[in-house]
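Right, one structure below, let's go through it.
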Amino acid sequence: MCFIGFYLFLSVFIYTSNGIPDSVRILGLFESENQMEEIAFRYAVDRVNSARHVLPRTRVLGQVERVSLRDSFTASKKVCNFLRYGLVGVFGPSSDTATHIQSLCDAFELPHVETRYDRKRKRYRDDSAVNLYPHPETLSKAYYDLVKSWGWKNVALLYEQGSSLTELQELMKAQDINFHLKELPLEGDVRPLLKEIRKDSISQIVLACSSKRILDILRQANQVGLISTYHSYVLTSLDLQTVDLAEFRDSGVNITGYSIIDPTKSEVANAVSDWVFGELRYGRALDLTEKKLTVSAALIYDAVLLFSKALHDLDRSQDISVRPMNCNSPDQTTYGSALVSYMKLMELDGLTGSIKFDGRGYRTQFSLDIIEYSHTEDFKKIGTWTPSYGTNFTRNYQDVYAQIIEGLQNRTFRVTTILTQPYVMLVPDWEALGLEGNDRFEGFAVELINDISEILKFNYKIHVVEDGNYGSLDANGQWNGMIKELLDQKADVAIGDLSINYDRETAVDFTTPFLNTGISILYKKAQKKPPSLFSFLLPFSVDVWIYMATAYLGVSVLLFILARITPFEWLNPHPCSPNPEELETQFNLLNSLWFAIGSLMQQGCDYLPKAVSLRLVAALWWFFTLIMISSYTANLAAFLTVERMDSPIESAEDLAKQTKIKYGCVGSGSTIAFFRDSKIPTYQRMWSFMESARPSVFNKNTPEGIDRVIKSNGGYAFMTESATIEYQTERNCDLVQIGGNLDSKGYGVALPHGSPFTGAFSSAVLQLLESNKILILKTKWWKEKHGGGRCGKKESKSLSSANELGLANVGGVFVVLLLGLIAASIVGLFEFFWKARKLAGDEVESIKAEMFKELKFALSCSGEDTKPVRKRQRIGDSDSNINRNSVNRSAIWKSNGPNSNNNSNS
Ligand code: GLU
């Protein structure tokens, strides 16, 4: 670059110009069929000759020679002939013959101007050639940007045999696009190849072929069903807009491409009108419009202009002496490489937009129009592309949406569906009623598609899916059911209880869900449980009963021990005799047990504790019994009022744990896919069970599964969606939904992948959701029609189940009791110490010996309920006086066996 700049600088300021000859000759080589290029060449020469600011003193002689496509020998010979008369430059040809011409020109350093798409991408700056065709790599980037902005994911890439794929190199670098490469044979039948694309359900196609083949290939694509609303094409030919695609106008196919010629430009319009009206001058009649102008013709025009301007500029700085040359004796022009360098440094606004070259001598800076075939006006510009800014669409979403809505009107969609209550059903006696077409069907989904059609103004024709399946992938990766019909273009819309899931989303497009649901279990309603003989035990759980029994025994034993320890429970058995020989306690073991049970049963007892410690125990025990008995009574009432149902399963986990009750689902739906793909151990276990079960637990369709539940009488549970279960349990009171939903999903309307109408359908569904129409439809078809509401109100959960009280419910009472008992024991011990200290003070014995004696007696295994009166007590202390008041009652307990007196001395 620096070198060229320096060179030009020197040329301008140092070189002394001697002037260009009065006439210079340029040679244009054209294939015989390229009449438009030829005319463009002649026209461009005329324009140069008539322009005052380009080579004003020189006449350019444009020589035209026809060459045949592959005859490079004759073409070279023709160049040699003209070399003899002196040539300043050679243009063309556009076939591969140009390679030979270029080597010839290189040898003589004769400028060679090309306008062809060069697959070999030679580095032009090192030779005598200049190519005005946009650089293939940059073009490839343009295709990539377009495909990316459409969001294509699965693309068939058709390219011509022998092409180097250079122009698609950048495109194929796309990581997130799955390309299926297909090489088009040079000519003839391409249908086998197109059929493969159809079989793979690919709807997005990049067609990289010359403009001459476009029509033929699209015709063949049409024959194999690859031309429809659901197919989109990106064509790489820059001459796309010259192809007449009128025959595909009503197919709805989406064809997009690029154009480098802006037909609205005044230069283009002028050139075209001059060519058309100057037909006599250029020797050919031309049927041409701005849109039909080919890139090669426009480039030839631009090339002649660029060349002439460069020559003009060079003339000012260098002597351009043109001399005859002979192909047999090597010679070189003196200006050739300088002229080529000048051309590469120039900038020009031509018919193909701005012409400039990058540092490497490639035309990488250009702008393209994004054009789309529209059914109203052939090709329409929808945006522009530039290397720096990428794609820029000029139409907004509203325009696109309006166009789609327009395309929808008065179209007739083929709607595939499946018969499942209450989504789609045959009208009862439809044959007898003479119903036909859509009138044969009724149901929620039938009304829904009708409402959508009213919003979007299209017609539709409902049919039931041929194979009776919803749509799932088989082992070979092939779809069945409604999904297959969409893929095979046997239907345009699928509606019904068709769940949206990931697998299906990869094959077809779904609208916004119109109904939310989830997998659940349909099962026969549980039978009434026969009343149990021991149902009175139900209000408490087993551990509560055990804890209660333990508490009872604990309290009784504590009463017994404390009564023996505390001095205040030892009473005078004969209140009339103030100095009894012995004292007696009422709380022997049996009486303690009796006291505790009497309290527990709320009956009371005919003796009561006197000592503080025992009273503490008694108070807490009564509190305990109060709470426990109240809780028991309340819960027993609940147990007696509810019907106990004998249901062997209450959740999916229960089903998974057992093998007696068989369970299954629809064999080609989303439920089976859920279990098959689940990573949750319970569902994986259920899937293994279902898969291995013989006879099969899978059903052809939903009605078959429901029937099986009814007939199996509890032997079969059917897993399907809760919306369907809700409909069934409304009408069939023997059926019930078990547990909640295992997942969460929705039903959607499916359309073929890439359908332009999905957005419009989604908007219509949203509209219906927001206006509550779908809710109204749901109420109508679930609760009202065909016996809805027959099974009445469902029992509320609180009534249908009464739960036994566990330790968690009543544990606090036990804690209070336990703390109370500990407190009572401490008080009892305190009483014991206090009395022992008192007795020890009166008598000679030490307090320790006194305590030991008393403790030994209290804890002796014999459990005596009488003991001898100690001296101090006999004299009469306050305690004995208290005891006197209860003497009569105490007397009853005096004798507890023949040994009662034997231990009096102990
Ligand atoms: N709604 C399901 C589907 O679209 C069919 C019923 C089922 O699988 O439970 O496949």
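Among all residues of region 603-610, there is none that is more than 20 Å from Gly820 (Cβ to Cβ), open to solvent by 50 Å² or more (accessible area, probe 1.4 Å), touching a strand residue (DSSP E or B) at 6+ places or on another chain (Cβ under 7 Å) and of a type in the set (D, E, K, R). Screening the candidates Ile561, Ile483 for the property of being assigned to a helix (DSSP H, G or I), surrounded by fewer than 22 Cβ atoms within 10 Å (Cβ to Cβ) and either touching a strand residue (DSSP E or B) at 6+ places or on another chain (Cβ under 9 Å) or of a type in the set (A, V, I, L, M) (or both) yields one hit, Ile561.
Name every residue in region 597-648 that is under 30 Å from Gly715 (Cα atoms), in a loop (DSSP other than H, G, I, E, B) and of a type outside the set (Gly, Ala, Ser), in order of residue number. Write out each step before concluding.
Going through region 597-648, the residues under 30 Å from Gly715 (Cα atoms) turn out to be 639-648.
From the residues that got through so far, the ones that are in a loop (DSSP other than H, G, I, E, B) too are 642-644, 647-648.
Selection gives Val642, Glu643, Arg644, Pro648.
Considering region 509-530, the residues that are away from the ligand (no atom under 12 Å from the Cβ) and buried (at least 21 other Cβ atoms within 10 Å of the Cβ) include one that is farthest from Ile774 (Cα to Cα), namely Lys524.
Mind checking which pairs have a first residue in region 721-741 that is touching a residue at least 60 places away in the same chain (Cβ under 8 Å) and open to solvent by 50 Å² or more (accessible area, probe 1.4 Å) and a second that is within 16 Å of the ligand (Cβ to nearest atom) and in a loop (DSSP other than H, G, I, E, B), Cβ under 7 Å, 6 or more apart or different chains? Every condition considered, the pairs that remain are Asn741/Gly518. When Lys381 is tested against (1) open to solvent by less than 80 Å² (accessible area, probe 1.4 Å); (2) at pLDDT below 95; (3) more than 30 Å from Pro703 (Cβ to Cβ), only condition (1) is not met. The conditions of being more than 14 Å from the ligand (Cβ to nearest atom) and either surrounded by 14 or more Cβ atoms within 10 Å (Cβ to Cβ) or in a helix (DSSP H, G or I) (or both) are not met by Phe674. Of the residues making up region 755-771, those that are assigned to a helix (DSSP H, G or I) and either open to solvent by 20 Å² or more (accessible area, probe 1.4 Å) or of a type in the set (S, T, N, Q) (or both) are Thr758, Gly759, Ser762, Ser763, Leu766, Gln767, Leu769, Glu770. Based on this model, can you work out whether Val815 counts as within 30 Å of Gly407 (Cβ to Cβ) and either at pLDDT 90 or above or open to solvent by less than 90 Å² (accessible area, probe 1.4 Å) (or both)? Considered against the rule, which asks whether it is within 30 Å of Gly407 (Cβ to Cβ) and either at pLDDT 90 or above or open to solvent by less than 90 Å² (accessible area, probe 1.4 Å) (or both), Val815 comes out as no.
Checking each residue in region 743-754 for being open to solvent by 40 Å² or more (accessible area, probe 1.4 Å) and either over 25 Å from the mean Cα position of the chain (by Cα) or within 15 Å of the ligand (Cβ to nearest atom) (or both) picks out only Ser744. Among the residues of region 403-411, is there at least one that is open to solvent by less than 30 Å² (accessible area, probe 1.4 Å) and within 13 Å of the ligand (Cβ to nearest atom)? The answer is no, given that none of the residues of region 403-411 is open to solvent by less than 30 Å² (accessible area, probe 1.4 Å) and within 13 Å of the ligand (Cβ to nearest atom).
Which of the residues that make up region 702-720 are surrounded by 18 or more Cβ atoms within 10 Å (Cβ to Cβ) and either within 11 Å of the ligand (Cβ to nearest atom) or assigned to a helix (DSSP H, G or I) (or both)? Give the derivation first.
The first filter runs over region 702-720 and keeps only residues surrounded by 18 or more Cβ atoms within 10 Å (Cβ to Cβ), leaving 702, 705-706, 708-709, 716-720.
Correct list: Thr702, Gly705, Ile706, Arg708, Val709, Phe718, Met719, Thr720.
Taken over region 458-479, the criterion of being more than 14 Å from the ligand (Cβ to nearest atom), surrounded by 17 or more Cβ atoms within 10 Å (Cβ to Cβ) and assigned to a loop (DSSP other than H, G, I, E, B) is satisfied by Phe458 alone.
Residue-by-condition table, conditions (1) closer than 20 Å to Asp492 by Cβ; (2) open to solvent by less than 30 Å² (accessible area, probe 1.4 Å):
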| position | (1), (2) |
| --- | --- |
| Pro387 | no, no |
| Leu426 | no, no |
| Asp429 | no, no |
| Ala432 | no, no |
| Asn438 | yes, no |
| Leu448 | yes, yes |
| Glu454 | yes, no |
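One residue stands out in region 340-378 among those that are farther than 18 Å from Gly257 by Cβ and among the aromatic types (Phe, Trp, Tyr): the one that is surrounded by the fewest Cβ atoms within 10 Å (Cβ to Cβ), namely Tyr362.
Among the residues of region 493-506 satisfying the criterion of being more than 11 Å from the ligand (Cβ to nearest atom) and open to solvent by 10 Å² or more (accessible area, probe 1.4 Å), which is farthest from Thr702 (Cα to Cα)? Here the residue is Thr506.
Results for (1) free of Cβ contacts under 8 Å to residues at least 60 places away in the same chain; (2) more than 11 Å from Ile26 (Cα to Cα); (3) in contact with a Ser or Thr (Cβ under 7 Å, 6 or more places away or on another chain); (4) open to solvent by 40 Å² or more (accessible area, probe 1.4 Å), shown as yes or no for each residue.
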| site | (1), (2), (3), (4) |
| --- | --- |
| Val54 | no, yes, yes, no |
| Gln63 | yes, no, no, yes |
| Ala75 | yes, yes, yes, no |
| Tyr85 | no, no, no, yes |
| Pro93 | no, yes, no, no |
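Sort out for me the strands (runs of 3 or more DSSP E) sitting completely within region 1-98 that have 1 or more residues that are modelled with pLDDT under 90.
Values: elements: 23-31, 59-67, 89-91.
The qualifying strands (runs of 3 or more DSSP E) are 23-31, 59-67.
The values are calculated or read from the model by the stated rules, or taken from the named source; none is laboratory data. Keep in mind that what you see is a predicted model, and the values were worked out from it rather than measured. Note that each Cβ is placed from the backbone with ideal geometry, even for glycine, and that neighbours are counted across all protein chains shown. Areas reflect the complete protein model, heavy atoms only, side chains present, ligands, DNA and RNA absent. Shrake-Rupley method; radii C 1.70, N 1.55, O 1.52, S 1.80 Å.
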